[in-house]
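The values are calculated or read from the model by the stated rules, or taken from the named source; none is laboratory data. Owing to the predicted nature of the structure, the values given are computational and were not obtained by experimental measurement. With ideal geometry, Cβ positions are generated from the backbone for all residues, glycine too; neighbour counts draw on all protein chains shown. Note: accessible area is taken over every heavy atom of the protein model, side chains too, but ligands, DNA and RNA are not part of it. Shrake-Rupley method; radii C 1.70, N 1.55, O 1.52, S 1.80 Å.
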Amino acid sequence: QVQLVESGGGLVQAGGSLRLSCAASRLTFDAYSMAWFRQVPGKETEFVAGISDLGDNRNYADSVKGRFTISRDNAKNTLYLQMSSLKPEDTAVYYCAARPGSFRARPGDYAFWGQGTQVTVSS
């Protein structure tokens, strides 16, 4: 079974930075598109950023464009999300997700999910 394990979340002040990591196992990592989603209790899961299997195509939600950078290291089976200029509205549980083949931005298109990591941005 595919395993995705997020890390790097925490509490940070507004304007600060965090880097999330997602370690993947039991899959051919470079055959999977990857994405970060986030969820606030009571709200729908929101797409944050996505990256193609080889890392040559990246997509961002408008709300994070210019502040967040998604990347991957296929040699290490690891996905990253560098978050800068964080705002209180970025507070959420962040999930990484994997799907074979091409990138999609809908949560329902992803079969494999991590357990999530909490990011809290204080004002």
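Taking GluC sites (Glu not before Pro) across the range 1-50, the ones in a DSSP loop with at most 10 further Cβ atoms lying within 10 angstrom of their Cβ are Glu44. For the range 8-59, the alpha carbon positions stretch 35, 24, 23 Å along the principal axes, listed from largest to smallest. Heavy-atom surface analysis with a 1.4 Å probe gives the chain a carbon and sulfur content of 46 percent of its accessible area. For Phe112, nonlocal amide neighbours, meaning residues 5 or more places apart or on other chains whose placed amide H falls under 5 Å from its own, are Ala98.
Cross-link partners of Lys87 among lysines, defined as those whose alpha carbon lies under 24 angstrom from its own and excluding same-chain residues fewer than eight positions apart: Lys43, Lys65. Each eigenvalue of the Cα gyration tensor of the chain, multiplied by 5 and square-rooted, gives one semi-axis; in descending order these are 22, 14, 14 Å. Take every pair of alpha-carbon atoms less than 8 Å apart whose residues are at least six positions apart; their mean separation over the length of the chain yields a relative contact order of 36 percent. Solvent exposure of the range 37-123, expressed per residue, is 51 Å² of accessible area, with all protein chains present and a 1.4 angstrom probe.
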